[in-house]
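Nothing in this text is a laboratory measurement; each read-out follows from the coordinates by a stated rule. Remember, predicted model here, so these are calculated numbers, not experimental data. Heads up, the Cβs are rebuilt from the backbone with ideal geometry, glycines too, and the neighbour counts pull from every protein chain shown.
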Amino acid sequence: MRAPWLTQGYFNNPEGSEQLWAGGYLHTSDIAVVDANGSVHITDRIKDVIKTGGEWVSSLDIEDIIDALQAIQAYEALSLDAPRPGADDDVMAYGDAMGRDDERFELVELDATITAVLEHIPPRERLILRMRFVEDLTQTEIAARVGISQMQVSRLLRRSLDQLRALTQEARTPLGQRKEAL
């Protein structure tokens, strides 16, 4: 590096000053790389590099590698059957601490599906379905409340359930595999 504003040497150290300006350039002891655009990127200092195997290696790179190796020590692959350390004397495996399938999850999924497809059922038939399956009324009790015959309630329930079955099957079938109704 050369510029008129750079130091001319070390105070009371002519030998150091001579080394500093060897060949007419200021030697900063920085290690730099010049990229394709001509920009200079300082990557390290000469005093911070280590010669190993005939090559100069940055001490920063070595420190990064040491840090990575120490971080790897924080992880350990274990079997789910391996005993888990704990405060009590009970031996508990890691797998025992994992969550289990919720038996009611399918009910939640079915409820969401049925709620979505019920919009396609006429309001009177939705009312009849609610009375039968939520309020647990008999067909005769439903017929008396709605003002139709028990036979008509039976037919409407069967038709509504067939519609729900078809709509839920369609809702669960991937789009590319659905058959369009004619």
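A simple spin-label model places pseudo-atoms 7 Å from Cα toward Cβ; at Val57 and Asp90 they are separated by 5.0 nm. Summing +1 for each Lys or Arg and -1 for each Asp or Glu among the other residues whose beta-carbon sits under 12 angstrom from that of His41 gives -3.
Put simply, the C-alpha atoms of segment 105-177 give a gyration tensor, and the ellipsoid matching it has half-axes of 26, 13, 9 Å, longest first. All other residues with a Cβ under 13 Å from the Cβ of Arg158 taken together, and with Lys, Arg as +1 and Asp, Glu as -1, what is their net charge? It works out to a net charge of +2. Between Arg2 and Leu80, the distance separating the two model label sites (each 7 Å from Cα on the Cα→Cβ line) works out to 7.2 nm. Taking R0 as 41 Å, what's the FRET efficiency between Ala71 and Ile114 from their Cβ-Cβ distance, rounded to 0.05? Between Ala71 and Ile114 the formula returns 0.25.
Under the shape rule built on the C-alpha gyration tensor, where the axes satisfy a ≥ b ≥ c, segment 1-51 is oblate, since a/c reaches at least 1.5 while a/b does not exceed b/c.
For Arg45, nonlocal amide neighbours, meaning residues 5 or more places apart or on other chains whose placed amide H falls under 5 Å from its own, are Ile31. For segment 105-177, a simple Cβ point-charge model (Lys and Arg +1, Asp and Glu -1, everything else neutral) yields a dipole of about 360 debye relative to the Cα centre.
Which label marks the calculated value of Kirkwood radius over Cα pairs in Å, given the options (1) 17.0; (2) 20.7; (3) 26.6? Recomputing Kirkwood radius over Cα pairs in Å here picks out (3). Scanning residues 5 or more positions from Arg84 or on other chains, those with amide H under 5 Å from its amide H are Met92, Ala93, Tyr94, with H placed 1.01 Å from N in the peptide plane.
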